[in-house]
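Just below is one structure, and these are the notes that go with it.
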Amino acid sequence: MQPTRPGRPDPRAQAQMAATMAGAVDLAAVKARSEAAARAAAAPPPSAAAPAGAPGSAVVDVTEATFQTEVLDRSFQVPVVLDLWAEWCGPCKQLSPVLERLAAEGGGSWVLAKVDVDANQALAQGLRVQGIPAVKAVWQGQLIAEFNGAIPEEQAREFVAELLRATTGGALPADGETEPEVEDDPRLDAAEAALERGDLAAAEAAYEAILAEEPTHPDAGIALQQVRLFRRAEEAGPDALAAADAAPDDIAAQTRAADFLLGTGDVDGAFERLLAVIRRTAGEERDQARKHLVELFAVVGDQDPRVGPARRALTTALY
């Protein structure tokens, strides 16, 4: 099994860093991403013609039992928007019909997955729902955008439009469409085995060996970047933020803090910390921060909607 899909960073890699910080690395979960993508490729695309609430519809009711199939797997075909609601919630009854109407208009270009938080409390807890209505967007297995509270239809429409622009562009998946099948590379076995036992140094060496033989390998390059990020964040440790705050002019401390933030899932925080350094520095220090930020962009991947705004902010800060 390949650790990542060709040409794309693993969007679930950040979630693995929580285990790294706890000293119990389990990066084998990247396999789950490839398996979910394979299931999605074999499944028919969502259809606006299917009855609302039914599996495969553009509007589907989701439970803890169906979350994997209807949300995580489906998100490898089209973006999935979670509508977390409850029967007693008045604002939910204002927002939900708007989202349902937009999903129907989308014709299967995205899926609205409705979750009754009272009936699925463990799921709501896992999604860290603080209040409802809560809306969260999922793309390729990763939460990439969210908002809370009822908003006007115009704003909801813009949220969906921006989500589509950042992911599929609104294109409909073709029925039965599959990506070209890529044969497993036995050279990746050593790297995967090292990841599964939490040996980041051995995994890094294995990926480096692959790239020495094949510099353009579609999986090893991004996997190596991810592993190096894991190692840097692990070395930085939870004291990295305090150290960076205490030494704002120490560029190395700021990059370590950014690595730690990205590794623990605070993508915006990691980007903003380096952007702040770039805004207040010049010359070699600014260039050092810029190069590190660009490297983090590559690890996260351009398909993540947070990268585009950060790139624009970088351009503004530089020029």
Restricting to Cα pairs under 8 Å and 6 or more apart, the percent relative contact order of the range 45-166 works out to 30 percent
In whole angstrom, the spacing between the Cα centers of the range 106-123 and the range 198-249 equals 35 Å
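Quick check: from the Cα gyration tensor, does the range 254-319 come out rounded (a/c under 1.5), prolate or oblate? Kindly include the intermediate steps, with their values, before the conclusion.
Working: a/c = 1.92, a/b = 1.30, b/c = 1.49.
Oblate shape, in that a/c is at least 1.5 and b/c is the bigger or equal ratio.
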Rounded to the nearest 0.05, FRET efficiency between Glu153 and Ala202 (Cβ-Cβ, R0 45 Å) equals 0.25
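Using the Cα gyration tensor of the range 45-166, with a ≥ b ≥ c the square roots of its eigenvalues, what is the shape: rounded (a/c below 1.5), prolate (a/b larger than b/c) or oblate (neither)?
Values: a/c = 1.32, a/b = 1.10, b/c = 1.20.
It is rounded, given that a/c, with a ≥ b ≥ c, falls under 1.5.
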The ³J(HN,Hα) series, computed from each phi in the range 58-71 with the Karplus coefficients 6.51, -1.76 and 1.60 at θ = phi - 60°, rounded to the nearest Hz and given as x for glycine or proline, is 6, 10, 9, 7, 10, 10, 4, 6, 9, 4, 4, 6, 7, 10
Most exposed to least, judged by fewest other Cβ atoms within 10 Å, Thr255, Thr167, Thr281, Thr216 sort to Thr216, Thr281, Thr167, Thr255
Sorted by chain and number, the residues with a modelled amide H under 5 Å from that of Asp61, at a separation of 5 or more or across chains, are Gly53, Ala54, Lys114
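Quick check: net charge around Ala113, other residues with Cβ under 12 Å of its Cβ, Lys/Arg +1 and Asp/Glu -1?
Values: positive: Arg74, Lys114, Lys136; negative: Asp61, Glu70, Asp73, Asp83, Glu100, Asp116.
Here the charged neighbours net out to -3.
How far, in nm, would the chain grow between Leu143 and Gln130 when pulled straight, counting 0.36 nm per residue and subtracting the alpha carbon separation? The partial results should precede the final answer.
On the way: separation 13, 0.36 × 13 = 4.68 nm, distance 1.55 nm.
Full-extension gain reported as 3.1 nm.
How big is the convex hull of the Cα atoms of the range 174-319, per residue, in Å³? Present the calculation step by step, with values, prior to reporting the outcome.
Values: hull volume 21.6 nm³, N = 146.
It comes to 148 Å³ per residue, whole-number rounded.
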A correct Karplus calculation of ³J(HN,Hα) over the range 215-232, with 6.51 cos²θ - 1.76 cosθ + 1.60, θ = phi - 60°, whole Hz and x for Gly and Pro, returns x, 9, 3, x, 10, 5, x, 5, 4, 5, 4, 5, 4, 5, 4, 4, 5, 5
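Taken together, the values in this text are just the output of simple stated rules run on the coordinates, not laboratory data. Computed from a prediction, not measured in an experiment: that's the story for all the values here. Every residue, glycine among them, receives a Cβ derived from its backbone with ideal geometry; neighbour counts consider all protein chains shown.
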